[in-house]
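Report on the following structure.
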Amino acid sequence: MFQKKLKKLKGDVIGKMVSTKPYISFVVVGRNDDYGHNFLGRFQNFLDNLAYFLEKYSIPSELIIVEWNPPEGKKRLNSTIKIPSKRKYLKIRFIEVQKRIHDKIKNPLNLPLLEYIGKNVGIRRSNGKFILCTNPDILFNEEFYKYIQKRNLKNGELYRTKRHDLTKDIPQNLSEEEKIKFCENNYSLVLGTPYNHYRVRKFLDLIKFLDKEIKNLGKFLLNFTEKYCYIKYMGGAPGDFTLMSKKDWFKCNGYIELPLKGYIDNYLIAIASSIKKIKLINLPKNIKAYHQFHGISSINGLTHLEDCKKNIRKIIKGEKIFKIKEFGGLKKEKLKEKVF
């Protein structure tokens, strides 16, 4: 009798452990250097948004914040940001990549923060079945959390959504619902997804009054560009929202770890779709990612656009233009971690 009770108790404990394993991991990279404008304020909005809605919809999850090369003389993010309390479903993990590690990495542009190597660090050390790589100034609307709660994500699929850029700062002292309502009423630029080739869709709108044959020609052009044109991989700021299973992240070897400034996120989308045959999925239109307003930092900016276009054309043809032996993410480094 005692053994049966012990066995049942053990089973209950194991069941609880399984139920609290993260369904989804959120991975971001940052440091306390006031990047862009009011970085800590934007970061706080991002963190509060996640914590509130993940708890509201009871989604077992974790947020991995990779603090890359922390500036000397400044507090670490984990001691500067207010950590939301009373969390049952969200674990928050700060992983630090110290300066001595940063200095060992090839970095001809002298970038103080290597975003995509940092994201690989988080992906490698994540525990979620699915991983969303994003940035610490993005807010997701409530429809996103409702979608994740249904647990319909699948292996072999890469999920994207549009980025809506805000035109002003989010006011202080708003509830989380009020913040999302503010975002809905204060965005301008919308960066499209891989399946939104603006020019061709504009063409379809212009010819919709013409006969069936012309419409079919327009649809053919749309399908052609979506399948063969590099443009479908270039838009939408995928660094702000790329979601797939951990298995598929490793299948793609994560982000390429090259000393480039820009478009590494676009390469990942092209490699996943064209070489690894992972299906690109456009999330429902009511799911939105809001990019908080900020200025342009001196370390911001993109280069090698034409090279990127040429490389993506090669990737579409199935060429493996980058020699990547295995998934990176500072595999051999033992990194400091603080968990909340």
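The values are calculated or read from the model by the stated rules, or taken from the named source; none is laboratory data. Computed from a predicted structure; not experimentally measured. With ideal geometry, Cβ positions are generated from the backbone for all residues, glycine too; neighbour counts draw on all protein chains shown. Just the protein is used for accessible areas: all its heavy atoms, side chains included, with ligands, DNA and RNA removed. Shrake-Rupley method; radii C 1.70, N 1.55, O 1.52, S 1.80 Å.
A quick yes/no check of all residues on (1) polar (S, T, N, Q); (2) modelled with pLDDT under 80; (3) touching a strand residue (DSSP E or B) at 6+ places or on another chain (Cβ under 8 Å); (4) open to solvent by less than 40 Å² (accessible area, probe 1.4 Å):
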residue	(1), (2), (3), (4)
GLY295	no, yes, no, yes
ILE299	no, yes, no, no
LEU302	no, yes, no, no
CYS308	no, no, no, yes
GLU319	no, no, no, no
ILE324	no, yes, no, no
PHE327	no, no, no, yes
LYS334	no, no, no, no
Query raised in the report: Which of the residues that make up segment 65-104 are in contact with a Phe, Trp or Tyr (Cβ under 7 Å, 6 or more places away or on another chain) and among the acidic types (Asp, Glu)?
Result: GLU67
Query raised in the report: Taking strands (runs of 3 or more DSSP E) that fall entirely within segment 238-340, which contain at least 1 residues that are more than 25 Å from VAL97 (Cβ to Cβ)?
Result: 279-282, 289-291
Query raised in the report: Name the residues in segment 35-83 that are within 16 Å of ILE138 (Cα to Cα), at pLDDT below 95 and either open to solvent by 70 Å² or more (accessible area, probe 1.4 Å) or not in a helix (DSSP H, G or I) (or both), would you?
Result: TYR35, GLY36, HIS37, ASN38
Query raised in the report: Which residues, taken from segment 80-117, are closer than 16 Å to SER61 by Cβ and of a type in the set (Lys, Arg)?
Result: LYS86, ARG87, LYS88, LYS91, ARG93
Query raised in the report: Only one residue in ALA272, ALA237 is touching an Asp or Glu at 6+ places or on another chain (Cβ under 8 Å) and modelled with pLDDT under 90, so which one is that?
Result: ALA237
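Are any residues in segment 52-84 within 19 Å of ASN127 (Cα to Cα) and without any contact (Cβ under 8 Å) to a residue 40 or more places away in the chain, and if so, which ones? Spell out how you get there, then give the answer.
Of segment 52-84, the ones within 19 Å of ASN127 (Cα to Cα) are 54-55, 58-67.
The answer is GLU55, LEU63, GLU67.
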Query raised in the report: So how many residues does segment 84-105 have that are farther than 13 Å from ILE117 by Cα, of a type in the set (A, V, I, L, M) and open to solvent by 20 Å² or more (accessible area, probe 1.4 Å)?
Result: 0
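So, in segment 122-160, exactly how many residues are open to solvent by 20 Å² or more (accessible area, probe 1.4 Å) and not in a helix (DSSP H, G or I)?
Here is the first cut: in segment 122-160, the ones open to solvent by 20 Å² or more (accessible area, probe 1.4 Å) are 124-125, 127, 129, 135, 142-143, 146-147, 149-152, 154-157.
The next check asks that each one be not in a helix (DSSP H, G or I); those that pass are 125, 127, 129, 135, 150-152, 154-157.
Qualifying residue count, segment 122-160: 11.
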